[in-house]
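A short write-up of the structure that comes next.
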2 protein chains.
Amino acid sequence: MADFDPTTHPHRRVNPLTGEHVLVSPHRTKRPWLGQTEPPQQSDLPEYDPKCYLCPGNTRAGGQANEKYEHTMVFENDYAAVLPPPGPAAPPAPHPLLTTEPVEGGCDVLCFHPRHDLTLARLGQADIIRIIDEWSNVYKKRGTQQGINYVQIFENKGAMMGCSNPHPHGQVWSLSAVPSLPATELANLKKYSRSTPPSDAPKGPLGRSCLLCDYVHFEVGVARDEGRVVVQNDHWVALVPWWAIWPFEIMLLPYKRHIPSIVHLTQAEKSAFAEILSQVTIRYDNLFSCSFAYSMGIHQRPTPPASDAIPEDQDEDNVAHLHLHFAPPLLRSASVRKFLVGFELMAEPQRDLTPEQAAARLRILPDVHYLNVQKFADASATEGVDAANS
Amino acid sequence: MADFDPTTHPHRRVNPLTGEHVLVSPHRTKRPWLGQTEPPQQSDLPEYDPKCYLCPGNTRAGGQANEKYEHTMVFENDYAAVLPPPGPAAPPAPHPLLTTEPVEGGCDVLCFHPRHDLTLARLGQADIIRIIDEWSNVYKKRGTQQGINYVQIFENKGAMMGCSNPHPHGQVWSLSAVPSLPATELANLKKYSRSTPPSDAPKGPLGRSCLLCDYVHFEVGVARDEGRVVVQNDHWVALVPWWAIWPFEIMLLPYKRHIPSIVHLTQAEKSAFAEILSQVTIRYDNLFSCSFAYSMGIHQRPTPPASDAIPEDQDEDNVAHLHLHFAPPLLRSASVRKFLVGFELMAEPQRDLTPEQAAARLRILPDVHYLNVQKFADASATEGVDAANS
Ligand SMILES: [Zn+2]
Ligand SMILES: [Zn+2]
């Protein structure tokens, strides 16, 4: 019997944040990597689209006119999934298995930039820092409102993800309830904090262990060629997690110290965050020379601390470890997508390419966006991107 | 403050099989129902396609030729997600958070019918009973193989679900491990069986409570106009579960007695199963006058009993209650799909249409497939379907 080889033998990995497994079938990728077969996608979007409800000065469906904003813009969604408090009380359950929990809150839209044709991958450091500041503002404003117990910041990018408007923007949904996935992650972080694994990783509040501090401390210590790290800077690392479901899934998190939320970032940590957001989204676009589709979400403390009364390292609610998930559906080219269906919907997620293989592909991509390469080098750009991609 | 109205006020419902929530935003459906705007889809598929690797007599990618089968056909997938035993032992974990569990097993393909252009919705009772018999055969064969601890029967239908071949077929994946979702469901069924809620519903093994017996017993007792039942016969019921995620999600299960798996069905129960499978898939096709895309999966005892040594009602492994999940992505017409992205990937699933509203729409649809109506009535069929659909 051959020794176990993670690139040959089917196996399962467990996600300690959720307790769920992923089935890995690496033998199915034994065929040679073909790389992209499509020409690089050009950006044919105008800088301003008179019909876009997010462009500066245009009118939204609800009738309001957008400001002529120069950097970012936040407004409340006219078709929010939740309504502001107060709402009615819960009705009696007709059966113990059929309970109803009323939910209140608000949904905000955050435009990243006035330019209709840009994306995170094509914005500069200063612009991305403004977006992080805006995320912090909304998180603080919504998270301290009466009855709000959770703030979810996310971005849904690309027609493939059902996002019909290419104007760069994200959303923030603020709710009276902590949703299922972050609730599960927080419960597992809390459970882990009560355990005492030996580790020289940074610690969470009260000197307790942190699952993500321990995990990321291990990952940044793996030899770069063998591991799952895609890019790393002084404070942040982007990696394809051990338990990744999506072919090129990435988790982005700070690794030098335990950081509960975006409002806990120092200036240096915030700059490093902007830098790594740029590096990750540029690599994504460069992977298949297209504007890469994904859903991104920020997981952190459900709401920011209401005051400074409790020191950061003494506050049990700081058990959360700030991290971002990027879930992109593309598999082998700009048009070949992975569907989460069949066995994956009915049993458990499954992947062919291992997380290590995915990380290796993302790691060798250039740091410069393929559209910017072309600006300077015209035709030769295509070769440059292909070479790195092969 | 108005009283709580489930068709007006945002709320959460919990799925007791998984412990997960769904956010319901019914106020977003207050606009009038527009119904379909597309003409009924015709079936332009040939009865036999010389290029289809599932049609009788054709050659598959692996080089083998299909039998000239007259009813169903089963073969092992050439590109299986798992490989047959024996596999290597688990490697040592480089860190306690990075464990590897080798998985073994096999993947089978089950052709439902020789005709390339048919689907479950267009097959007769006798043909569907043959499919159920074939499911039972594979479940018994694979489920009693050395090292197999779980058998997942499923169907993935439609290009929208990434299924490129329209030839009617399903799959069966047999594994050494119980996958995450059924493992969670089984754990919750087991936990519930130790509780003692008062109920006059049928009981599981050892006279204990069954979560699904209790749930479905309640549902069939709700006044038909108000509830979630879509169709019901002597043994089976199809309903939009209280906690449904997909707009027109359906759960199909026996309600008269606790039935652990398809091999436990009596002849009458099997006939009723075939009947309701037909009724559900016909209604799905009639909803938007198209071949409706979905993923379907059978949840039951992980593997059949190895012998009759333990009486059915004394076997603790019979805590499973046979049920099918149908997860269809379509929302408002043959082309408007729901994407599970953004907030739903990062926080929790969300729906607009309530399960009760979805059940009402499915309930009033005709029992005759729209393509068969047209066969007899030509042009007038479209009106007939539209009227029922409005
Ligand atoms: Zn997370
Ligand atoms: Zn189930």
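If you bin all the Cα-Cα distances of segment B:180-377 at 5 Å, starting from zero, the percentages per bin are 1, 7, 14, 18, 19, 16, 11, 7, 4, 2, 0, 0.
Evaluating 6.51 cos²θ - 1.76 cosθ + 1.60 at θ = phi - 60° for every residue in segment A:90-102, the Karplus couplings come out as 5, x, x, 7, x, 7, x, 8, 10, 8, 10, 10, x Hz, glycine and proline recorded as x. Charging the Cβ of each Asp and Glu at -1 and of each Lys and Arg at +1, and nothing else, the dipole of the protein assembly as shown about its Cα centre rounds to 200 debye. Taking each residue as 0.36 nm, the span from B:ALA90 to B:GLN146 lengthens on full extension beyond its C-alpha to C-alpha distance by 18.3 nm. A:ALA306 sits among other residues whose Cβ lies under 12 Å from its own Cβ, and their net charge, with Lys and Arg +1 and Asp and Glu -1, is -1. Distances, shortest first, from the label point of A:LYS190 to those at the same position in the other copies read 2.4 nm; the point lies 7 Å along Cα to C-beta. Label points 7 Å out from Cα along the Cβ direction at A:LYS191 and B:ASN188: separation in nm? In this crude label model, A:LYS191 to B:ASN188 measures out at 1.6 nm. Relative contact order of chain B, taken over Cα pairs closer than 8 Å and 6 or more residues apart, is 20 percent. Ranked from largest to smallest solvent-accessible area, with a 1.4 Å probe on the protein heavy atoms, A:THR196, B:THR100, B:THR266 come out as A:THR196, B:THR266, B:THR100. The rotation axis bringing chain B onto chain A passes closest to the chain B residue reported with its distance as B:LEU340, 4, by C-beta distance in whole Å. When only alpha carbons are used to place a centre, segment A:96-168 and segment B:282-302 end up 34 Å from one another. Based on C-alpha pairs under 8 angstrom that are at least 6 apart in sequence, segment B:227-278 has a relative contact order of 36 percent. For segment A:135-176, a decrease in accessible area of 30 Å² or greater in the assembled protein chains relative to the isolated chain, with a 1.4 Å probe, applies to A:GLN152, A:PHE154, A:MET161, A:TRP173.
Sorted from closest to farthest, the other copies place their B:ASN372 label points 6.2 nm away, with each point set 7 Å from Cα along Cα→Cβ.
Among beta bridges from DSSP that stay inside the protein assembly as shown, the antiparallel ones total about 95%. Restricting attention to segment A:46-192, close to 95% of DSSP beta bridges with both partner residues there are antiparallel. Size descriptors for the protein assembly as shown, from the alpha-carbon set: Rg then Dmax equal 26.6, 77 Å.
Computed over protein heavy atoms with a 1.4 Å probe, the accessible surface of segment B:58-151 works out to 44 Å² per residue. Each Lys or Arg adds one and each Asp or Glu takes one away; over the other residues whose Cβ falls under 12 Å from the Cβ of A:GLU226, this sums to 0. Accessible surface comparison of B:ARG361, B:ARG142, probe 1.4 Å, protein chains only, largest first: the order is B:ARG361, B:ARG142. Here the Karplus relation 6.51 cos²θ - 1.76 cosθ + 1.60, evaluated at θ = phi - 60°, turns the backbone of segment A:323-339 into coupling constants of 7, 10, 10, 10, 10, x, x, 6, 10, 10, 6, 4, 10, 9, 10, 8, 10 Hz, with x for every Gly and Pro. Over the residues of chain A, the helix contribution to mean residue ellipticity at 222 nm works out to -7500 deg cm²/dmol, using -39500 (n - 2.57) for each DSSP H run of at least 4.
Protein heavy-atom accessible surface, 1.4 Å probe, per residue over segment B:180-377: 34 Å². For the residues A:ALA320, A:ALA309, A:ALA360, a GNM of chain A with alpha-carbon springs under 10 Å puts the largest fluctuation on A:ALA309. Take the Cα of B:SER164, step 7 Å toward its Cβ, do the same at A:SER307, and the gap between the two points is 6.3 nm. In percent, rounded to a whole number, the relative contact order of segment B:180-377 is 27, using alpha-carbon pairs under 8 Å and six or more apart.
Here the accessible area of segment B:261-309 is 47 percent carbon and sulfur, with a 1.4 angstrom probe and all protein chains present.
Any idea of the total accessible area buried by the B-A contact, 1.4 Å probe, rounded to 100 Å²?
The buried area between B and A, both sides summed, comes to about 6200 Å².
Take B:GLY207, push a point 7 Å out from Cα through the beta-carbon direction, and compare it with the same point in every other copy: 5.5 nm, smallest first.
When only the Cβ of Lys, Arg, Asp and Glu is charged (+1, +1, -1, -1), the dipole of segment B:180-377 relative to its Cα centre reaches about 420 debye.
Counting only protein heavy atoms and using a 1.4 Å probe, what share of the accessible area of segment B:32-131 belongs to carbon plus sulfur, as a whole percent? Write out the running numbers ahead of the final one.
Working: 2840 of 5110 Å².
Roughly 56 percent of what the probe reaches on segment B:32-131 is carbon or sulfur.
Placing +1 on the Cβ of every Lys and Arg and -1 on the Cβ of every Asp and Glu, with no other charges, gives chain B a dipole of roughly 540 debye about its Cα centre. Mean-square fluctuations from a GNM of chain A, with a 10 angstrom spring cutoff on Cα atoms, peak among A:ASP225, A:ASP117, A:ASP285 at A:ASP225. Once all protein chains are placed together, B:THR99 keeps about 60 Å² accessible to a 1.4 angstrom probe. Partnerless cysteines in the protein assembly as shown, where a partner means another cysteine C-beta under 4.7 angstrom, comprise A:CYS107, A:CYS111, A:CYS163, A:CYS290, B:CYS107, B:CYS111, B:CYS163, B:CYS290. Of the residues in segment A:44-84, those shielded by at least 10 Å² of accessible area once partner protein chains are present, compared with the chain alone at a 1.4 Å probe, are A:TYR79, A:ALA80, A:ALA81, A:VAL82, A:LEU83.
Other residues with beta-carbon under 10 Å from the beta-carbon of B:TRP242 carry, at +1 per Lys or Arg and -1 per Asp or Glu, a net charge of 0. Protein heavy-atom surface of segment B:324-377, 1.4 angstrom probe: 61% of the accessible area is carbon and sulfur, with nucleic acids and ligands not counted.
The values are calculated or read from the model by the stated rules, or taken from the named source; none is laboratory data. Predicted model, so just to flag it, every value in this text is computed and none were measured. Reconstructed Cβ throughout: ideal geometry from the backbone, glycine too, with neighbour counts over all protein chains shown. Side chains included, ligands, DNA and RNA excluded: accessible areas come from the protein's heavy atoms. Shrake-Rupley method; radii C 1.70, N 1.55, O 1.52, S 1.80 Å.
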